[in-house]
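K.L.:
I'd like to ask you about the structure that follows.
The values are calculated or read from the model by the stated rules, or taken from the named source; none is laboratory data. On a predicted model such as this, the values are computed, not experimentally measured, just so you know. Every residue, glycine as well, gets a Cβ built from its backbone with ideal geometry; the counts of neighbours run over all protein chains shown. With ligands, DNA and RNA removed, areas are computed over all heavy atoms of the protein, side chains included. Shrake-Rupley method; radii C 1.70, N 1.55, O 1.52, S 1.80 Å.
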Amino acid sequence: MALRSGFPWWLPLLTAAIAALIAVIAAQSTASAWDADVHLWASGERPAADFADILLDPSIQDSAADGLMASEFGRAAIDDVSIEYTDTLIRLTVRAETESDAELLAVSLAQAALDEARSRFGDDSGLDLLGLVRPGARKVAPLTELSAAWASAVGLAAGLILAWTVAARSQPATSPPSALGRLGRSGLRPLAVLNPRSEHAPALTSAIRTMSGVVAITSLHADAPVPSQLMQSATRLAADKTVLWLDARRPAFQPTFGAPPFTMRFVEWSPMSRSGRIRQAALGSAANAGDAGCVLLILDSLSDPDSVAVTRAASDVILIARADTDADELVNAKRTLNSSPLRGVVLTNADESDQLDFELAQLPE
């Protein structure tokens, strides 16, 4: 699959760009948020949880905010407060809209908690302020660059999946092997390719006209159909007295068993086999004329073992098969007729494309 022809290489890039743009727009619509962290030390006998309750008291938080002077952006406000603590160490996190507000509010709330602790528990409350965990607050929203990067990666992956799906669907469906292709892989020679509208089957007529003493035998299997082109060609060639048409379906040529003549009492005797009777009727006149004759045999006839015996007595054998015959079936037919003089195959009920391929193959280079 070509990168720039069969595969839509631009689609993953497009989805990645769109996803990143959406993430940027969504991030920009999010209100700014900064977190500042302060550490406090509970060094007395009083548990750190008591001091955490003071820090989470809304009234203490309001007083911490009220104690700050308003800036050019207005009065600082605490958006959120979170507490983490061990036995002695308390980590206070304050969220605000600006970096400076978050830092100032965190320190102000910590100081307000110290004052409240002294008020409640005395001057030796056991709570001390260690200061900011790090200089400067950290931005927690909007994380535009990070959001865009993640969205771009997800968009790129989704685009690749979509591109492969589109490329797979746009690939032309694998066409089934052509009739001539199946013949070639079977090692069989195509003599004629006929479609259902082949009037009087001229191609078949031309293919067998050069073979004298032609014998056209209908299927030896009672339920097998006889191709109309075969019957048409037999009728057309009969005018040249080159075709002997035989209906070999049972009970035709069925041996009649009976007692041998008295004079053959001590001779091993059996009536003539069915294949022998067919050979005598089909090829006898041609053999008397010095030519063993050519047999046109329908593929379905190979289900009857007598058909193979008939072909072995011919000078040439032409197999008649449908163009949609499976390749394995053609290989099996060739194997079955291995001891017969098989010259090639005539395909019937072919598509016009198969017939055109055959006609083009006959043109001189």
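K.L.:
Look through L356, L347, L360, L302 and report the one residue that is open to solvent by less than 80 Å² (accessible area, probe 1.4 Å), more than 17 Å from I217 (Cβ to Cβ) and not in a loop (DSSP other than H, G, I, E, B).
P.N.:
Going through L356, L347, L360, L302 in turn, just one is open to solvent by less than 80 Å² (accessible area, probe 1.4 Å), more than 17 Å from I217 (Cβ to Cβ) and not in a loop (DSSP other than H, G, I, E, B): L347.
K.L.:
A further question follows. Please go through segment 325-340 and give me each residue that is modelled with pLDDT of 85 or more and open to solvent by 30 Å² or more (accessible area, probe 1.4 Å), ordered by number.
P.N.:
Passing the criteria: D328, E329, V331, N332, K334, R335, T336, N338, S339.
K.L.:
Which one of these is open to solvent by less than 20 Å² (accessible area, probe 1.4 Å) and under 60 Å from the mean Cα position of the chain (by Cα): A65, A33, A76, A42?
P.N.:
After applying the criteria, what remains is A33.
K.L.:
Restricting to strands (runs of 3 or more DSSP E) lying wholly in segment 106-225: which have 1 or more residues that are modelled with pLDDT of 75 or more and open to solvent by 10 Å² or more (accessible area, probe 1.4 Å)?
P.N.:
Filter on segment 106-225 gives 127-132, 138-141, 190-193.
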